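Working notes, structure below.
The values are calculated or read from the model by the stated rules, or taken from the named source; none is laboratory data. No experiment lies behind these values; they were computed from the predicted model shown. Using ideal geometry, Cβ is built from the backbone for each residue, glycine included, and neighbour counts are taken over all protein chains shown. Accessible surface is based on the protein model in full, side chains and every heavy atom, while ligands, DNA and RNA are left aside. Shrake-Rupley method; radii C 1.70, N 1.55, O 1.52, S 1.80 Å.
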Amino acid sequence: MSAVFLKPRYLDIEEVKPYLKGKVTFALDINQGLTDDLFGELIAFGESALERDFSPYFKIPLQTINGQNWTELPPETVALIKKCLINRACLQTLRQAFGNNTNVRGDSYEDKYETEYAALKGTLFQQKPNGVFLFPPSMGLALADNGINYNNVLPGAKNVPLGGDSALRYANSRLNNPGRSFWYDFFNRW
């Protein structure tokens, strides 16, 4: 029975290999080094970790505002996302395959990729105290509509849906329907 390996969703293994040359041995036989199938699976694990990190802010799978493939985003957005993906893929691969069967440790390489990934994430996720992004999200990237950080690009507080309703619909119903407002309930209880 042959093994079934996960395939990368965003990257191709040939895009990541140059970053790991000299650190990881690639081979056709698993006994000689890291095979393409196993390497692809490690990249997929790194992509999955990135998706977990990005999911509170951006739609997963990564996509344009119109729902198109992430590669249709503006070039500067693709470059930023691709760099994040490569860092996660390299980090995952180094943790699994660097120095296998030797006393060599890859901690300094891992730290390098982890630090760079954290800095890149910071440019995407850093927010002011009122919840507005310090740097607006990358152009064209679809924001998550899950209520955690929904529409916090605009000035003001986070637009968090309450009671399963959209925040604007919720506010509109409370302001325009006196029967549902707090003050109406408060004064009519007495």
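Is there a residue being modelled with pLDDT of 55 or more and more than 17 Å from Y57 (Cβ to Cβ) anywhere in the range 148-157?
No: zero hits.
Enumerate the pairs (first residue in the range 24-46 and more than 9 Å from A97 (Cβ to Cβ); second residue anywhere and open to solvent by less than 70 Å² (accessible area, probe 1.4 Å) and among the β-branched types (V, I, T)) with beta-carbon separation below 6 Å, excluding pairs fewer than 6 apart on the same chain, so at least 6 apart or on different chains.
Partner pairs satisfying both residue conditions: D36/I13; G40/I13; I43/V16.
Consider T71 carefully, then state whether it is of a type in the set (S, T, N, Q) and within 21 Å of G40 (Cβ to Cβ).
Values: of a type in the set (S, T, N, Q): yes; within 21 Å of G40 (Cβ to Cβ): yes.
Taking the combined requirement at face value, the residue satisfies it.
If you take the residues of the range 100-116 that are under 25 Å from Q32 (Cβ atoms) and modelled with pLDDT of 70 or more, which of them is most open to solvent (accessible area, probe 1.4 Å)?
Just the residues of the range 100-116 that are under 25 Å from Q32 (Cβ atoms), to begin with: 100-107, 109-110, 113.
Those left that are additionally modelled with pLDDT of 70 or more: 109-110, 113.
Working: Y109: 86, E110: 37, Y113: 8 Å².
Taking the candidates together, the pick is Y109.
Please determine whether any residue of the range 75-91 is touching a helix residue (DSSP H, G or I) at 6+ places or on another chain (Cβ under 9 Å) and part of a loop (DSSP other than H, G, I, E, B). Lay out the reasoning, then the answer.
Let us first name the residues in the range 75-91 that are touching a helix residue (DSSP H, G or I) at 6+ places or on another chain (Cβ under 9 Å), namely 77-78, 80-91.
Remaining after also requiring part of a loop (DSSP other than H, G, I, E, B): none.
No: zero hits.
Could you list, in sequence order, all residues of the range 4-25 that are of a type in the set (S, T, Y) and either in a loop (DSSP other than H, G, I, E, B) or farther than 10 Å from C90 by Cβ (or both)? If you could, list the steps in order and put the result at the bottom.
Narrowing the range 4-25 to residues of a type in the set (S, T, Y): 10, 19, 25.
Within the range 4-25, Y10, T25 qualify.
Tally time: how many residues in the range 38-62 are open to solvent by 50 Å² or more (accessible area, probe 1.4 Å) and not in a helix (DSSP H, G or I)?
Total meeting the criteria: 3.
For (1) of a type in the set (A, V, I, L, M); (2) within 30 Å of F133 (Cβ to Cβ); (3) surrounded by fewer than 17 Cβ atoms within 10 Å (Cβ to Cβ), each residue gets a yes or a no:
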{"residue": "Y10", "(1), (2), (3)": "no, yes, no"}
{"residue": "L28", "(1), (2), (3)": "yes, no, yes"}
{"residue": "D36", "(1), (2), (3)": "no, no, yes"}
{"residue": "N66", "(1), (2), (3)": "no, yes, yes"}
{"residue": "W70", "(1), (2), (3)": "no, yes, no"}
{"residue": "L73", "(1), (2), (3)": "yes, yes, no"}
{"residue": "C84", "(1), (2), (3)": "no, yes, no"}
{"residue": "N87", "(1), (2), (3)": "no, yes, no"}
